[in-house]
Structures are given as C-alpha cells and as structure tokens.
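The values are calculated or read from the model by the stated rules, or taken from the named source; none is laboratory data. These figures come from a predicted structure and were not determined experimentally. Note that each Cβ is placed from the backbone with ideal geometry, even for glycine, and that neighbours are counted across all protein chains shown.
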Amino acid sequence: GAGVSQSPRYKVAKRGQDVALRCDPISGHVSLFWYQQALGQGPEFLTYFQNEAQLDKSGLPSDRFFAERPEGSVSTLKIQRTQQEDSAVYLCASSLVVSGPNYEQFFGPGTRLTVL
Amino acid sequence: GDSVTQMEGPVTLSEEAFLTINCTYTATGYPSLFWYVQYPGEGLQLLLKATKADDKGSNKGFEATYRKETTSFHLEKGSVQVSDSAVYFCALDNYGQNFVFGPGTRLSVLP
C-alpha cells in the first residue's frame with residue numbers, strides 16, 4: 001500500500017514568490033499534520049487537520065503560511081511571498097486514529113524548499 | 001509547554017558497540033513516547049513507542065523504557081551495525097494532536 005506522498009520533492013523559489021506544497025495522506029487517515037524541519041533540527045509542528053477541519057494552526061510562523069484540506073484527504077501548504085528563513089524541509093504526516101494506544105503518525109518524504 | 005531533550009550528537013561508534021541515546025521530556029499528564037529514525041535520503045520512520053509508564057518499546061534490537069519517575073525514554077541497542085547509521089528523534093504525543101520532537105541525534109557506526 002502507498003504511504004504518505006508529497007510533491008514536489010524539491011522546490012527552489014526566488015524570494016517573494018508564492019509556493020504550494022502538496023501532501024497525499026494514506027487513504028482513510030483522519031488526521032493530517034504539517035511540520036517544518038530546519039537543517040539539523042527536529043521537526044516543528046505547523047498545523048493539524050482532522051478530516052477537513054483545521055483544528056490547530058498555532059505553529060504557523062506568520063500569516064504568509066496557509067494550509068487547507070478541503071475534502072478531508074489531500075492537503076496543500078501555501079507560503080506567500082517566500083523569505084529566506086522559510087528554507088526548510090516541510091513534512092506531512094497522517095494518522096488513522098486520533099488518539100489511543102494504536103496512535104502513530106506516518107510521515108512523507110518531505111519537500112525541501114530553498115528560497116534564494 | 002511540552003518539550004523533549006535528547007543528547008547532542010554526533011555519536012560515533014564501532015560496529016557491535018553498545019548504544020545509548022538519552023531522551024528526557026517535560027509534559028503535563030501522560031503522553032505517549034516515540035523514537036523515530038531518519039535514514040539518509042529517507043523520511044521519518046517509527047522505530048518504537050510506549051504508551052504508558054513502565055512500558056518497554058522494542059524493534060530491530062532497539063529498546064526504550066518509559067520511565068515516568070525520571071521523565072526519560074532512553075534508546076538502547078546492545079550491538080550496533082553499520083546499517084544503523086541514521087538520525088534518531090525522540091518525540092512525545094500531545095494527546096493525539098501534534099508530536100513534539102527532540103532535536104535529533106546523528107549516529108555513525110564505523111565498520
């Protein structure tokens with residue numbers, strides 16, 4: 001079965017450009033997460049969806065960052081007017097259940113964004 | 001807020017050496033604890049987990065015990081292999097919402 005997929009795998013943007021990063025979670029997974037991983041650091045939480053509802057966006061670093069999951073499956077993370085400090089790997093994860101002993105997040109390979 | 005601290009890397013070991021990577025956490029309540037591994041060029045993969053105090057997670061020869069009294073979840077392996085070279089992340093589950101990750105520890109195993 002397919003895991004979490006993300007596209008593009010690599011994106012180079014000029015400062016000021018808008019970018020859109022796509023995440024395809026595992027089919028049937030209820031929860032979807034976006035994380036930002038700077039070089040040499042651990043992933044940091046950006047936002048969380050349960051089905052199509054965005055339940056937490058407290059990790060989004062500025063109002064230039066926007067995420068959506070309109071039909072409760074595919075999600076898009078959009079960054080407007082990119083800045084050099086946005087350069088990072090953006091990870092998507094999904095989970096089948098929302099809590100409990102079987103709770104686990106499955107991660108995609110990430111999109112490496114480089115802003116010049 | 002919740003946080004995870006893990007030992008600084010890089011850690012360099014010879015094949016068949018004993019491995020310990022320390023992880024401690026700060027959290028309210030009783031989070032689940034995880035170790036994820038990131039092999040070169042690949043995404044994060046779950047290595048093992050424990051959902052309550054005194055639980056031991058184990059996989060591929062690695063193990064970690066959830067110690068509530070010391071708020072720790074140290075990763076151990078008795079005999080490492082070159083193929084274990086990777087970055088290891090300790091994480092806690094914020095009650096089914098986001099994970100809180102440590103900064104990662106890079107392990108290099110030399111033949």
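Hey, among the residues in the range A:45-66 that are within 19 Å of B:Val100 (Cβ to Cβ) and of a type in the set (A, V, I, L, M), which one's surrounded by the most Cβ atoms within 10 Å (Cβ to Cβ)?
A:Leu46
Check the range A:98-113 and report whether any residue there is of a type in the set (A, V, I, L, M, F, W, C), over 17 Å from the mean Cα position of the chain (by Cα) and under 14 Å from A:Tyr48 (Cβ atoms).
Looking for residues that are of a type in the set (A, V, I, L, M, F, W, C), over 17 Å from the mean Cα position of the chain (by Cα) and under 14 Å from A:Tyr48 (Cβ atoms), one finds at least one in the range A:98-113, hence yes.
Looking only at the range A:4-28, count every residue that is over 15 Å from the mean Cα position of the chain (by Cα) and of a type outside the set (Ser, Thr, Tyr) and tell me the total.
In the first step, residues of the range A:4-28 are kept if they are over 15 Å from the mean Cα position of the chain (by Cα); the result is A:12-18, A:27-28.
Among the residues that remain, those that are also of a type outside the set (Ser, Thr, Tyr) are: A:12-18, A:28.
Here the count works out to 8.
Could you check the range B:1-105 for strands (runs of 3 or more DSSP E) lying wholly inside it with 1 or more residues that are within 11 Å of chain A (Cβ to nearest Cβ) and without any contact (Cβ under 8 Å) to a residue 40 or more places away in the chain?
Strands (runs of 3 or more DSSP E) meeting the threshold: B:44-50.
Which one of the conditions (1) at pLDDT 95 or above; (2) surrounded by 21 or more Cβ atoms within 10 Å (Cβ to Cβ); (3) acidic (Asp, Glu) does B:Asp84 fail to meet, given that it meets all the rest?
So the condition that B:Asp84 fails would be (2).
Hey, which of the strands (runs of 3 or more DSSP E) in the range A:1-89, taking only ones fully inside, have at least 3 residues that are of a type in the set (S, T, N, Q)? Full working, then the answer.
Values: elements: A:5-7, A:10-13, A:19-24, A:31-37, A:44-50, A:53-56, A:65-68, A:75-79.
Hits in the range A:1-89: A:5-7, A:31-37.
Taking into account only those residues within the range A:26-44 that are in contact with a Ser or Thr (Cβ under 8 Å, 6 or more places away or on another chain) and surrounded by 21 or more Cβ atoms within 10 Å (Cβ to Cβ), which is nearest to A:Glu85 (Cα to Cα)?
Per the criteria, the residue is A:Trp34.
Here's a check for you: in the range A:90-112, which residue that is among the small types (Gly, Ala, Ser) and part of a loop (DSSP other than H, G, I, E, B) is farthest from the other protein chains (Cβ to nearest Cβ)?
So the residue we want is A:Gly100.
Give just the number: which of (1) touching an Asp or Glu at 6+ places or on another chain (Cβ under 9 Å); (2) at pLDDT 95 or above does B:Asn59 not satisfy?
Only one criterion is unmet by B:Asn59, namely (1).
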